[in-house]
Amino acid sequence: MSGTTHIGCACGRTRLEVQGAPILVSECLCNSCRTAAGRLAALPSAKNMLTSYGATPCAEYRKDRVRILSGAEHLSEFRLSAEAGSRRVVATCCNTPLFLEMKGAHWLSIYLHLWPDEARPKAGMRTMTGDLPDASSLPADIPNLKSHTVSFYAKLLGAWIAMGFRNPKIEVGGKINA
Ligand SMILES: [Zn+2]
Ligand SMILES: [Zn+2]
């Protein structure tokens with residue numbers, strides 16, 4: 001995968017461009033992602049982004065490979081608590097969750113529902129299944145990892161080295177209470 005891909009919110013006013021292939025593509029089963037998705041799905045006209053088994057599919061992209069093409073004025077952040085270091089950024093034009101930004105991270109976890117069905121990257125693993133009360137009902141098509149593997153972190157570190165250890169800032173105007 002090379003070149004640029006255009007993705008965006010449900011109503012089309014907020015558009016992003018991502019460059020090249022993601023660092024990795026996964027589905028997260030952690031408590032935070034499930035809680036956040038549930039709370040964001042309660043916003044007016046929002047859709048639930050969880051899979052039937054409660055996973056949040058996302059693609060990790062270097063921050064310097066993501067560009068906001070339009071709708072920057074709609075971006076608002078959501079934190080699970082006032083002290084939470086991680087934030088989820090939502091396009092408030094139609095309340096589409098866009099991505100998760102972990103505290104201090106050089107990458108964004110961009111939610112896969114932003115891609116049109118036919119162009120959506122495929123997850124290679126599920127992570128944090130140890131947070132589930134019962135992980136036995138998960139599909140067995142890809143590895144179900146209790147937490148993360150060393151190679152997961154190695155890929156993220158490799159990306160940061162390639163970025164010269166820079167961490168671009170993502171400007172977000174508003175705040176969301178959900
Ligand atoms: Zn929208
Ligand atoms: Zn998670």
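The values are calculated or read from the model by the stated rules, or taken from the named source; none is laboratory data. Owing to the predicted nature of the structure, the values given are computational and were not obtained by experimental measurement. A quick note on method: Cβ atoms are made from the backbone with ideal geometry, for glycine too, and the neighbour counts reach across all protein chains shown. Surface areas here come from the heavy atoms of the whole protein model, side chains and all, with no ligands, DNA or RNA. Shrake-Rupley method; radii C 1.70, N 1.55, O 1.52, S 1.80 Å.
Over 21 Å, how big is the tail of the calculated P(r) for the stretch 88-178, in percent of all Cα pairs? Could you put the intermediate results ahead of the total?
Working: 2066 of 4095 pairs.
So the pairs more than 21 Å apart make up 50 percent of the total in the stretch 88-178.
Using every pair of alpha-carbon atoms in the chain, split the distances into 5 Å bins beginning at 0 and state the percent of pairs per bin, rounded to integers. Per 5 Å bin, starting at zero, the Cα-Cα P(r) for the chain comes out as 1, 8, 17, 22, 22, 18, 9, 3, 0 percent. For the chain, adding -39500 (n - 2.57) for each run of n ≥ 4 DSSP H residues and dividing by the number of residues yields -4000 deg cm²/dmol at 222 nm. Across the stretch 125-139, rounded Karplus estimates of 3J(HN,Hα) from the backbone phi angles (6.51 cos²θ - 1.76 cosθ + 1.60, θ = phi - 60°) give 6, 10, 10, 6, 5, x, 6, 7, x, 8, 8, 6, 8, 5, x Hz, Gly and Pro being marked x. Applying both filters, DSSP loop and at most 13 other Cβ atoms within 10 Å, to the chymotrypsin sites (Phe, Trp or Tyr not before Pro) of the stretch 93-178 gives PHE165.
Using a 1.4 Å probe over the heavy atoms of the protein chains, calculate the carbon and sulfur portion of the accessible area of the chain as a whole percent.
Values: 4730 of 8830 Å².
Roughly 54 percent of what the probe reaches on the chain is carbon or sulfur.
Measuring from a point 7 Å past the Cα of HIS148 along Cα-to-C-beta, which residues in the stretch 25-47 have an amide N at less than 17 Å? Counting only backbone N, you get 25-34.
Residues in the chain average 50 Å² of solvent-accessible surface per residue, probe 1.4 Å, ligands and nucleic acids excluded.
For the stretch 171-178, the Karplus equation 6.51 cos²θ - 1.76 cosθ + 1.60, evaluated at θ = phi - 60°, returns couplings of 7, 10, x, x, 10, 10, 10, 9 Hz by residue, with Gly and Pro reported as x.
If you add up the charges near CYS30, with Lys and Arg at +1 and Asp and Glu at -1, over every other residue whose beta carbon is less than 14 angstrom from its beta carbon, what do you get?
Working: positive: ARG34, ARG88, ARG126, LYS146; negative: GLU27, ASP131.
Value of the local net charge: +2.
Counting 0.36 nm for each residue step from GLU17 to ALA105 and taking away their Cα separation leaves a gain of 29.8 nm. Across the stretch 93-106, computed HN-Hα scalar couplings (Karplus, 6.51 cos²θ - 1.76 cosθ + 1.60, θ = phi - 60°) run 4, 9, 6, 8, x, 9, 7, 9, 10, 6, 4, x, 6, 9 Hz from first to last residue, x flagging Gly and Pro.
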